1. Return yes or no: is Leu571 part of a strand (DSSP E or B), modelled with pLDDT of 75 or more and surrounded by fewer than 18 Cβ atoms within 10 Å (Cβ to Cβ)?
2. Could you grab me the full set of residues in the range 744-761 that are assigned to a loop (DSSP other than H, G, I, E, B) and either closer than 18 Å to Val610 by Cβ or open to solvent by less than 70 Å² (accessible area, probe 1.4 Å) (or both)?
3. Mind checking which residues of the range 96-109 are in contact with a helix residue (DSSP H, G or I) (Cβ under 8 Å, 6 or more places away or on another chain) and either open to solvent by 10 Å² or more (accessible area, probe 1.4 Å) or of a type in the set (Gly, Ala, Ser) (or both)?
4. Report yes if Thr715 is more than 54 Å from the chain's Cα centre (by Cα), open to solvent by less than 70 Å² (accessible area, probe 1.4 Å) and modelled with pLDDT under 85, otherwise no.
5. Where residues in the range 282-317 are under 18 Å from Tyr452 (Cα atoms) and either in a loop (DSSP other than H, G, I, E, B) or open to solvent by 50 Å² or more (accessible area, probe 1.4 Å) (or both), which of them is modelled with the highest pLDDT?
6. Determine, yes or no, whether Pro484 is within 20 Å of Phe359 (Cα to Cα) and open to solvent by 20 Å² or more (accessible area, probe 1.4 Å).
7. I'd like the residue in the range 419-473 that is among the hydroxyl-bearing types (Ser, Thr, Tyr) and out of contact with any Gly (no Cβ under 8 Å at 6 or more places or on another chain) and, out of all such residues, is least open to solvent (accessible area, probe 1.4 Å).
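The values are calculated or read from the model by the stated rules, or taken from the named source; none is laboratory data. Keep in mind that this is a model prediction, so the values were computed, not measured. Note: ideal-geometry Cβ built from the backbone for every residue, glycine included; neighbour counts use all protein chains shown. Quick note on the areas: whole protein, heavy atoms, side chains included, nothing else; ligands and nucleic acids left out. Shrake-Rupley method; radii C 1.70, N 1.55, O 1.52, S 1.80 Å.
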Amino acid sequence: MLHPICSGKPRAATSASQHGWYARFAGSLAALFLLSGPGEIEAWQNDKPGGATGRTARMIRVELPIGHQTVQQLRSAIGQVAAAAPDVVRPEDRPLVILEFATSVTQDGRGSQLSDCMELAQFLAGGELNRVQVVSWIPPRRGGTGTAPPPGQAVDAPALVGHAVLAAVCTDLLVLDENMSLGRADMGLDRPDPLARDIYRNLAGQRLLIPVELTLSMIDPAIGLHSVRTADGELLAEEDQLRELEAAGKVIESETLSTPGSTPLYSAAQLKRLSANCRSVAGKEGLAQLLGTDLSRVENDIAIEGPLRGLRQELHGYIDEQTVEWVIRAIDQRTRNEGQANLVILAIDSPGGDLDACFKLAGFLAGFDPSRIRTAAWIEGQARGPAAVIALACDHLLMPREGRLGGPWKPGVDLANDSGLVEDAGQLAADIERDPGLVLAMLDPAAEVNRYRNAQTGQIRWLNSGQQAALADATNWQLLGAAPSAEGLAAVDGEGDGIVRSFIETDPEIAVYYQLAEAPESLKPTRTDAFLLSFARTLASPMISVWLLFLGFMLVMTEMSTPGVGLPGFLGTLCLVLYFWSHYLGGSAEWFEILLFLLGLGFILIELFVLPGFGLFGIAGMLMMVVAIVLAAQTFVIPRTSEELAQLPGSLLMVAGAGAGFIGAVLLFRHVLPETPYFKRLMLKPPASDPVAEAVAGSAHRKLPSVGAMGTVTTRLIPAGKARFGSQLVDVISEGVAVEPGIRVEVVEITGNHVLVRPVT
């Protein structure tokens with residue numbers, strides 16, 4: 001049997017009671033029109049925020065892989081929305097329930113249980129959800145993008161696979177991001193399951209979201225499926241059916257969708273072409289445009305397992321690197337394991353902060369999985385500049401009704417002439433899923449940022465003219481005027497634009513808002529933590545860091561020149577450790593810089609003791625150490641903004657301090673230490689003048705002793721020095737041990753001009 005590519009059947013959405021409601025509604029509307037002027041009608045239409053009349057929607061995250069608990073949560077959440085949905089006249093006016101099948105680089109749906117997915121699919125395809133329209137939404141994969149690989153290859157592309165596919169194809173509408181794919185429902189199964197094929201056939205036939213045979217090809221590797229264009233239209237045909245059509249001369253063009261032996265992945269473009277109930281869009285904005293609703297106000301509503309357990313972290317005053325590092329470590333420790341805190345509340349009262357440090361904290365907060373950990377920012381006082389960006393990175397922004405977000409601040413750099421600021425703001429906005437113009441307005445209140453409203457969905461966005469023009473549906477966005485950012489965004493305006501979640505006046509109201517059974521745990525540094533942070537901040541200051549590097553290199557070089565002393569080596573190593581520790585605690589140094597410095601030091605030691613000379617290892621080692629010192633003093637690699645450019649001289653000052661320490665060690669070793677009473681005994685001295693030896697040594701063609709020759713050490717070998725063989729004074733090297741003057745040695749090996757000796761016992 002041939003299968004035409006079908007458009008599916010819509011779920012019935014009207015009833016007798018709905019028709020009665022329609023009559024009452026029409027009568028009321030007519031009376032309203034007769035009794036009211038045009039002004040009242042327009043006000044009634046614009047009652048929604050932003051003046052839009054878009055559909056109401058609720059987005060619910062589907063946790064992958066799908067198991068029993070996930071199904072129960074989804075049934076409860078969807079059922080509540082359906083029960084509260086009003087009766088409507090047209091099916092397209094039903095409230096939306098958007099199921100977000102969010103995949104990641106670690107979870108793409110494989111491992112979902114067939115029994116649980118079947119239960120969910122039956123619930124979605126049943127008649128109890130007639131009052132709502134359920135949409136399957138497969139967003140861009142978190143952690144990577146790409147295209148669908150050919151059949152038979154491993155799933156290295158962003159896709160929804162496994163039995164989660166069954167639930168996704170049993171809704172009213174299937175929408176995929178243009179870079180996503182769907183298929184390989186048998187992923188993770190050892191062998192084909194005949195029962196699974198029957199389940200897919202029955203549920204797909206009941207829903208008809210996509211053609212049945214297309215669905216079966218995703219679960220049965222024995223099916224080879226082709227899209228065939230004939231004079232009668234486009235058909236789906238299996239292998240034998242294709243051969244029959246070709247033999248009859250009816251095939252105009254054919255495309256292989258799947259081959260026997262493996263199940264396919266179907267790209268968003270293919271599914272859109274093969275089914276009228278499948279759509280391909282560009283991200284969440286494209287989904288909002290398709291559905292005609294403002295999704296910026298729609299929160300992902302999958303419930304967090306168990307009660308909310310809160311953490312409260314204060315961000316008061318200027319936010320620097322040390323503060324951010326401590327906050328990140330403290331929050332990470334409290335939220336790392338299941339069963340710990342799952343709500344992070346930031347109480348912010350800050351005039352601004354370091355740009356790089358605040359960007360780092362914003363990225364950390366945006367990286368939390370909202371289905372496991374929720375983040376909220378409460379503007380306790382003020383939040384200006386980068387502090388406002390931290391607040392925007394949280395899932396919920398809470399403010400007093402008279403509060404303001406952003407406004408003038410003192411960045412210490414010229415923001416107006418900072419060419420990289422717009423680019424950095426755009427990148428951060430993408431990471432925290434906010435409008436780039438909104439982030440830019442918080443960082444530079446004088447920037448030209450406008451408010452735009454989507455004529456179809458009513459969504460309001462903060463963009464500059466270039467960002468608005470770059471939108472795929474730029475013509476749908478109407479200019480409302482300049483964004484109110486010069487003195488900061490008022491909480492009331494932010495709530496109207498969908499930026500502010502709720503008005504919270506006092507701290508106790510937060511616990512009531514989130515229905516916390518216990519007061520949030522307050523994260524505060526202990527006395528030890530506070531002391532260490534203060535100590536590290538002092539050591540990381542440019543002047544102290546320069547002295548640490550100067551003394552560190554000078555003392556270490558002194559120890560290498562006079563081995564066995566111990567104290568200079570210990571103190572020098574301590575100085576270098578304190579330098580990297582202070583910058584690590586401050587957030588500018590990571591393990592990469594520390595390992596790079598140690599690797600460079602190792603290369604130099606190889607050059608000195610294993611491969612004498614000054615070659616590849618020595619040069620590479622010095623470059624590694626210089627790069628490690630510079631990177632440890634800053635949070636960027638190449639300066640791109642005026643602020644980073646202003647910080648670069650301080651980083652280079654660190655290198656100058658290290659070089660000065662090296663040169664100081666050389667001068668100290670050569671001119672000062674040999675004259676001090678203590679070090680005089682430890683320094684190597686040339687042997688007493690011997691005219692005969694000098695004459696022999698001055699000969700340009702002197703002979704080296706042969707292997708087995710016996711001689712006497714004249715200077716201490718550590719491991720290099722001099723020994724006398726008869727009348728010859730020869731440069732020799734011991735076998736890795738120090739040899740005192742007067743000890744008899746034997747020549748064991750000669751390589752070029754290198755004479756290797758061994759003490760005679």
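1. On the way: part of a strand (DSSP E or B): no; modelled with pLDDT of 75 or more: yes; surrounded by fewer than 18 Cβ atoms within 10 Å (Cβ to Cβ): yes.
No, not satisfied.
2. Start the filter on the range 744-761 by keeping residues that are assigned to a loop (DSSP other than H, G, I, E, B), which leaves 752-753, 760-761.
Listed by number, the residues that qualify are Gly752, Asn753, Val760.
3. Step one: filter the range 96-109 for residues in contact with a helix residue (DSSP H, G or I) (Cβ under 8 Å, 6 or more places away or on another chain), giving 96-99, 101, 109.
Residue satisfying the conditions is Gly109 alone.
4. Numbers: more than 54 Å from the chain's Cα centre (by Cα): yes; open to solvent by less than 70 Å² (accessible area, probe 1.4 Å): yes; modelled with pLDDT under 85: no.
So Thr715 does not fit the description; no.
5. Across the range 282-317, the extreme among qualifying residues is Lys284.
6. Working: within 20 Å of Phe359 (Cα to Cα): no; open to solvent by 20 Å² or more (accessible area, probe 1.4 Å): yes.
Answer is no for this residue.
7. To start, the set of residues in the range 419-473 that are among the hydroxyl-bearing types (Ser, Thr, Tyr) comprises 419, 452, 457, 465.
Those still in the list that are out of contact with any Gly (no Cβ under 8 Å at 6 or more places or on another chain) too: 419, 452, 465.
Working: Ser419: 103, Tyr452: 15, Ser465: 80 Å².
So, considering only residues that are among the hydroxyl-bearing types (Ser, Thr, Tyr) and out of contact with any Gly (no Cβ under 8 Å at 6 or more places or on another chain), the one least open to solvent (accessible area, probe 1.4 Å) is Tyr452.
Matching residues to (1) touching a Gly at 6+ places or on another chain (Cβ under 7 Å); (2) under 29 Å from Met59 (Cα atoms):
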{"position": "Glu314", "(1), (2)": "no, no"}
{"position": "Asp320", "(1), (2)": "yes, no"}
{"position": "Gly352", "(1), (2)": "yes, no"}
{"position": "Ala357", "(1), (2)": "yes, no"}
{"position": "Phe368", "(1), (2)": "no, yes"}
{"position": "Ile373", "(1), (2)": "no, yes"}
{"position": "Ala393", "(1), (2)": "no, yes"}
{"position": "Glu402", "(1), (2)": "no, no"}
{"position": "Trp409", "(1), (2)": "yes, no"}
